[in-house]
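Have a look at the structure below, then the notes.
The values are calculated or read from the model by the stated rules, or taken from the named source; none is laboratory data. Model, not experiment: these values are computed from the prediction. Cβ atoms come from the backbone with ideal geometry, glycine included; neighbour counts cover every protein chain shown.
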Amino acid sequence: MKDSHVLAELPSKADISVEKNNGIREKFSHEKLVKSLLMVGSPLWAAEKIASKVAKSAYDSITTKEIKMLVYTSLKDIDEEIADKYFAARKLKVRTSRDTIESFNQKKIEKSLIKEAGASPQLAEKIATEVWKELKKLDVEYLTAPMIREMVNTKLIEHRLEKLRKKYTRLGIPVYNITELITEGSRDNANMIHNPETVHKYVADEALKQYTLLHILPTRLADAHISGDIHIHDLEFFAARPLNCLQHDLRLFIKYGLKVDGTGDHTSVAGPPKHLETLMNHAGEIMLAAQQNMSGGQAMSLWNVFVAPFAAGRSYDEIKQAVQMFIFNLNMAYAARGSQVPFTSINLEFAVPDFLSDVPAYGPRGERVGVYGDFYDEARQVTRAFTEVLLEGDADGKPHLFPNTIYVIRKETLKGEFDDDLHLAHELAAKYGTAYFVNMLADYRGEMSNYMGCRTLLSDNWTGNWEQDCLRTGNLAYVTLNLPRIAYQAKDDDEIFEYIDEYLDLAINILELRREQALKCLNDYNLLPFLTQEIEGENYYRIENATLSFGYVGLNEMLEYHTGDDITNLDANKFGLKVIRYLYERAQELKKETGLRWSVLQTPAESTAHRFAMLDKKSYKEAIVQGRENSYYYTNSSHVPVDAEIDMIEKIKIEEEYHPITPGGHIFHAWLGEAQPDTQALTRFTKNICKNTKIGFWDYSSALSFCLKCKTLMRGLQETCANCGEKEEVEWYDRITGYVQQVGRAKSSSGGWNPGKRQELLDRKRYNL
């Protein structure tokens, strides 16, 4: 029979839907089925015949598993060898150790045996073939890479190849991978350097990720993450410390002292601080202690106001010295997860906000000392001292990378009285690019909003009580949607929103499970003692006020694929706003339905933007991505592409519309060029943002180069030191997402950015202000 066989007339199946493994439905496609058969070597006539047979048997909501079995059975009657190939490529899926789902491929077993165990090509082929024969006997749809590895090890034992088995075995993760971690490290997190604790963390992470995927999450939710439909952040912490970030209330530790273990049973207990210096030490220890219970960052709001009573009667030099100790301690505390410094943020006010003026103040020994309005001058001094310490940098002249320092600008800040303080904050922005700014003049603001450098946000619009809404709680967790993939799957506007609903349902289920796990860790397992310590009759951490957030990546690429234009086009951007507003409205509905604090945020996506793009470029040939091969990335959240040829004002006009509808967090990045920014110009620009835009949170990011040899700091991304001519030991610094960190360019650098973010760094269009 020849391939020119005419396609048999098919029954009408336009209304038939297929349910995928992750629960998402798509329309039955005869063409897609034929294509999948051709890819495994089926002749066209056979592919058309089988597709026609399946189409006749299909019914609404038929599963992919049922379709694959129909195809496999029909193929066996025609050509058993091709049927085996289809089984491997289409029916049998493998969940890999890299958190991806791939078709089974015997050649991968052969290559790994040669690479990891040193097997000869002939022996590798023999063992892999025997494993494949065993797999064909199993009635399974997917296996994990560890399961296949153990099958290979069984075959190695049967052939008495013990030396090869020892090399090929798995210790939580494969021996080969552990060796790579020890010798080369990982760049998944730019805040982590290469050291023994990092190795321990990554090995433990892999075991806990697998535990969550196999034991806690239903298969369809695990598969949705692994396939790249959605991304579960901090998956390694889902089981044992599922809570993301926390905004602390410093006043409680001023009043009652500090138990860093939460109970006082295992460590020394400190009473209420008597001196400013002691408070500075306690403030750092609070965030370091809480970091052991949390998967994300630590922050303190109204920091200078709560510290102000301890500055009363102290000279400015003494205040500055104490603040300097606090900042250096945070940057030297290599004791957080995997030997990181804690990811910390401090929100500073330029004065005492009106709503705090008459609130009782607490000072030395935890005693009542009037109201916070009485310490107006001291609050300003503390903020000024904080800024000056940051401006001075460390002993080598490098910037202090933590805490993320966030300046809160209110209406009274712009009246002239605070111009000197505002100017000083912009000197910091101009010199190091480490400052952040909050616009409290926007019409969607209340009295209180606090951010972290990563961009997560709490505001006093949940219960209406700023203390309940903004302190002793945070973002519980967030799940990110792969927006470009939705565009690749959908045929029209209506299907876009159908797929969004399906992806949101996955995210909702995951977030609900994570919250349930958090409650077990807090109340049943006694795993998080710092958070459950009793203060004023209740747990310190208020889970009932924590946000459950939908994040998103790649709105720009979604729009470009779906509409033909990117986010800078007016009509395309209108559709983009419609998409994100849809997420926002769904979160609002869920608040009413569940009584929980659902929200939407612009995902930081330090690694997710790269991961999604790499997965989609492999699965969808038509995928629109940024960057180059092996360093692809999607544009972050609803940002303008970093290389877009538009001016800063136009960029603000596009991005500002998304801030009011992302109440869980957002950010605007102003990427600055090599020219030294004019501090006055930056200050004027900030005032204009506050008075005339909806931008809620932003930074001025400068790329810096630092010579590790002669300790020279330079602006821009320099290949050669301008002072000593060094080339190999010039390190780069810039803001990766929500914090400034070393890129990892210098030869001796340990740690650094992942390939997608490194490419984004090179692509960034920079502005001179």
Over the range 390-433, the set of residues in a strand (DSSP E or B) and of a type in the set (Val, Ile, Thr) is THR405, ILE406, VAL408, ILE409
So which of LEU276, LEU252 ends up being over 30 Å from ILE500 (Cβ atoms), at pLDDT 95 or above, assigned by TED's automatic domain parsing to the domain that holds ARG368 and surrounded by fewer than 21 Cβ atoms within 10 Å (Cβ to Cβ)?
LEU252
Residues ILE667, ILE624, ILE652, ILE661: which one is among the aliphatic types (A, V, I, L, M), under 29 Å from HIS423 (Cβ atoms) and surrounded by fewer than 24 Cβ atoms within 10 Å (Cβ to Cβ)?
ILE652
Hey, GLU512 more than 22 Å from the chain's Cα centre (by Cα), surrounded by fewer than 22 Cβ atoms within 10 Å (Cβ to Cβ) and under 30 Å from ASP616 (Cβ atoms) or not:
no
For the structure I just gave you, tell me whether ASP394 is free of Cβ contacts under 8 Å to residues at least 24 places away in the same chain, surrounded by fewer than 23 Cβ atoms within 10 Å (Cβ to Cβ) and on the phi < 0 side of the Ramachandran plot.
no
Of everything in the range 713-769, what is within 25 Å of VAL553 (Cβ to Cβ) and among the basic types (Lys, Arg)? Give them in sequence order.
ARG735, LYS757, ARG758, ARG764, LYS765, ARG766
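Quick check, is VAL369 farther than 19 Å from TYR700 by Cα, assigned to a strand (DSSP E or B) and either of a type outside the set (Val, Ile, Thr) or in contact with a strand residue (DSSP E or B) (Cβ under 6 Å, 6 or more places away or on another chain) (or both)? Step through it out loud before you land on a result.
Values: farther than 19 Å from TYR700 by Cα: yes; assigned to a strand (DSSP E or B): yes; either of a type outside the set (Val, Ile, Thr) or in contact with a strand residue (DSSP E or B) (Cβ under 6 Å, 6 or more places away or on another chain) (or both): yes.
The answer is yes for VAL369.
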Go through the range 342-362 and give me each residue that's among the hydrophobic types (A, V, I, L, M, F, W, C) and under 15 Å from PHE386 (Cα atoms).
ILE346, LEU348, PHE350, ALA351
GLN247 - would you say it is within 24 Å of MET332 (Cα to Cα) and out of contact with any His (no Cβ under 7 Å at 6 or more places or on another chain)?
yes
Considering every residue within the range 365-374, establish whether at least one is among the aliphatic types (A, V, I, L, M), buried (at least 20 other Cβ atoms within 10 Å of the Cβ) and within 23 Å of SER449 (Cβ to Cβ).
no
Checking ILE567 against (1) assigned to a loop (DSSP other than H, G, I, E, B); (2) out of contact with any Ser or Thr (no Cβ under 9 Å at 6 or more places or on another chain), only one condition comes out false. Which one?
(2)
Suppose we filter GLY564, GLY551 for residues that are assigned by TED's automatic domain parsing to the domain that holds GLU502 and buried (at least 23 other Cβ atoms within 10 Å of the Cβ); which single one remains?
GLY551
Within the range 484-497, can one find any residue that is assigned to a helix (DSSP H, G or I), of a type in the set (Asp, Glu), free of Cβ contacts under 8 Å to residues at least 40 places away in the same chain and closer than 25 Å to PRO663 by Cα?
no
Mind checking which residues of the range 24-53 are within 20 Å of ARG485 (Cβ to Cβ) and either touching a Gly at 6+ places or on another chain (Cβ under 6 Å) or in a loop (DSSP other than H, G, I, E, B) (or both)?
ILE24, PHE28, SER29
Does any residue of the range 711-720 turn out to be in contact (Cβ under 8 Å) with a residue 60 or more places away in the chain and either hydrophobic (A, V, I, L, M, F, W, C) or within 18 Å of PRO604 (Cβ to Cβ) (or both)?
yes
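Of the residues LEU504, LEU513, LEU522, LEU481, only one is outside any helix (DSSP H, G or I), in the same structural domain as ALA623 (by TED's automatic domain parsing), modelled with pLDDT of 95 or more and touching a Phe, Trp or Tyr at 6+ places or on another chain (Cβ under 9 Å); which?
The conditions single out LEU481.
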Is there any pair with a first residue in the range 667-683 that is farther than 18 Å from LYS651 by Cα and a second that is of a type in the set (Phe, Trp, Tyr) whose Cβ atoms are under 9 Å apart and which are 6 or more apart or on different chains, and what are they?
PRO677/TYR700
With respect to MET325, is the statement that it is hydrophobic (A, V, I, L, M, F, W, C), within 26 Å of the chain's Cα centre (by Cα), surrounded by fewer than 24 Cβ atoms within 10 Å (Cβ to Cβ) and farther than 30 Å from LEU414 by Cβ true?
no
Of the residues ALA333, ALA351, only one is more than 22 Å from LEU424 (Cβ to Cβ) and touching a residue at least 12 places away in the same chain (Cβ under 8 Å); which?
ALA333
Cβ-Cβ under 6 Å, sequence separation 6+ or interchain: first residue in the range 637-660 and in a loop (DSSP other than H, G, I, E, B), partner buried (at least 20 other Cβ atoms within 10 Å of the Cβ) and among the acidic types (Asp, Glu). Which pairs?
VAL642/GLU760
Taking the condition modelled with pLDDT under 95, buried (at least 17 other Cβ atoms within 10 Å of the Cβ) and aromatic (Phe, Trp, Tyr), does TRP753 pass?
yes
State all residues of the range 234-280 that are assigned to a strand (DSSP E or B) and within 28 Å of the chain's Cα centre (by Cα); if no residue qualifies, say none.
LEU246, GLN247, HIS248
Residue identified as among the acidic types (Asp, Glu), in the same structural domain as PHE437 (by TED's automatic domain parsing) and over 34 Å from the mean Cα position of the chain (by Cα) among GLU388, GLU412
GLU412
Could you tell me whether VAL371 is in contact (Cβ under 8 Å) with a residue 40 or more places away in the chain and within 24 Å of LYS274 (Cβ to Cβ)?
no
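Just to be sure before I move on: is TYR541 in the same structural domain as GLY627 (by TED's automatic domain parsing) and either touching a Cys at 6+ places or on another chain (Cβ under 6 Å) or in a loop (DSSP other than H, G, I, E, B) (or both) in the structure I sent?
Against the criterion (in the same structural domain as GLY627 (by TED's automatic domain parsing) and either touching a Cys at 6+ places or on another chain (Cβ under 6 Å) or in a loop (DSSP other than H, G, I, E, B) (or both)), TYR541 qualifies.
Here is a yes/no grid of residues against (1) over 24 Å from LEU511 (Cα atoms); (2) touching a Pro at 6+ places or on another chain (Cβ under 6 Å):
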position	(1), (2)
ASP421	yes, no
GLU427	yes, no
TYR432	yes, yes
PHE437	yes, no
ASP443	yes, no
MET452	no, no
TRP466	yes, no
VAL479	no, no
PRO484	no, no
